[in-house]
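Presented below is the structure to which this report refers.
Values quoted throughout were computed directly from the atomic coordinates according to the rules given, and no laboratory measurement underlies them. Given the structure is predicted, the values throughout are model-derived calculations rather than measurements. Virtual Cβ from ideal backbone geometry, glycine too; neighbours counted across all protein chains shown.
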Amino acid sequence: MRIVLLGAPGAGKGTQCKNLVSQYGLLHLSSGDILRKERSESTELGKKAQSYMDSGQLVPDQLIIEMMAKAIEKAPDEGFILDGFPRTVNQAVELDKTLAQKSQEIDAVINLEIDDSVITRRMTGRRSCPKCGAVYHVENLKPKIENKCDKDGTDLVQRPDDSPEVVLNRLETYHRQTEPLVDYYKESGTVFDINGDRDPDEVKKEIFENLESLVNN
Ligand code: AP5
């Protein structure tokens, strides 16, 4: 199965991807995580991406499309879930071309819907594990021991682009450049609109129900 997960910053894409990976054995390909790894390793790509990410703008399409095409090459037969990519119509068109070369296509798009007013609270409370990538929230999804990862005990960190000013820029960028993708996918395939402003387990349940209906049809 090949899935695209759409949604504003903080909609819960990363949180729900973890569930999908364990349920369906899909490869989780997060463009944001790949970029953060490139930055931590001070690669050329990481250096080029830095200023865009820190200000809440999109990294140029050309860099992202090449980076994600390489990542998709390594996906297993079970498929993948794309988190944060595509983010512009141009990226989606190039993704379709890459998949068409292998006679593949996107099977489903999950669109996590959430109001902007909820986002800022979520983002400023987010903490993540720099070692394994697990995501927590200081109120909604607390680790068992304060500020320690449940899986490996590493100290949790706050992302630099989760400051209120940068979050506002990311939201503006999302509405202007990424939201049009919902219509792009609605014209050509299956889009599941899911209310992301609920308990994470309720969101997970609805995503699974929708995907099961797809698998069984
Ligand atoms: P990226 O890392 O992709 O960030 P994002 O899309 O802004 O998404 P986030 O990771 O911030 O949020 P999320 O939806 O995964 O939410 P999460 O599950 O963590 O991109 C970062 C930057 O990289 C971009 O700004 C851009 O510069 C660049 N970039 C990346 N991809 C690019 C591309 N394709 N093209 C160009 N540039 C690109 O949840 C958030 C918080 O809420 C957590 O604390 C979580 O515990 C909590 N939470 C989750 N679900 C719920 C719930 N249901 N109820 C209550 N709390 C919840």
Mind grabbing the base-10 log of I(q)/I(0) for the stretch 128-217 at q = 0.20 Å⁻¹? Debye formula, identical points on the C-alpha positions, no solvent, two decimal places.
-1.12
With each label point set 7 Å from Cα along the Cα-Cβ vector, what nm distance links Arg198 and Ser55?
3.9 nm
Could you work out how far apart the two model spin labels at Lys142 and Glu41 are, taking each label as a point 7 Å from the Cα in the direction of the beta carbon, and quote it in nm?
3.7 nm
Which order do Lys151, Lys48, Lys204, Lys74 fall in if you start with the one that has the fewest other Cβ atoms within 10 Å?
Lys74, Lys151, Lys48, Lys204
Taking the number of other C-beta atoms within 10 Å as the exposure measure, put Glu202, Glu73 in order starting with the fewest.
Glu73, Glu202
Angstrom value of the Kirkwood radius, inverse mean 1/r, which spans all Cα pairs in the stretch 57-126
14.1 Å
Bridge type composition, the chain - antiparallel percent by DSSP, nearest 5
25 percent
Sequence order, the stretch 148-163: Karplus ³J(HN,Hα) from phi using 6.51 cos²θ - 1.76 cosθ + 1.60, θ = phi - 60°, Hz rounded, Gly and Pro as x, gives 10, 5, 4, 7, 10, x, 5, 4, 6, 10, 9, 6, x, 8, 9, 6
Check which residues have an amide H placed less than 5 Å from Ala108's amide H, if you skip close sequence neighbours.
Arg2, Val4
Whole-number value, in Å³ per residue, for the convex hull of the alpha carbons of the stretch 1-149 is 124 Å³
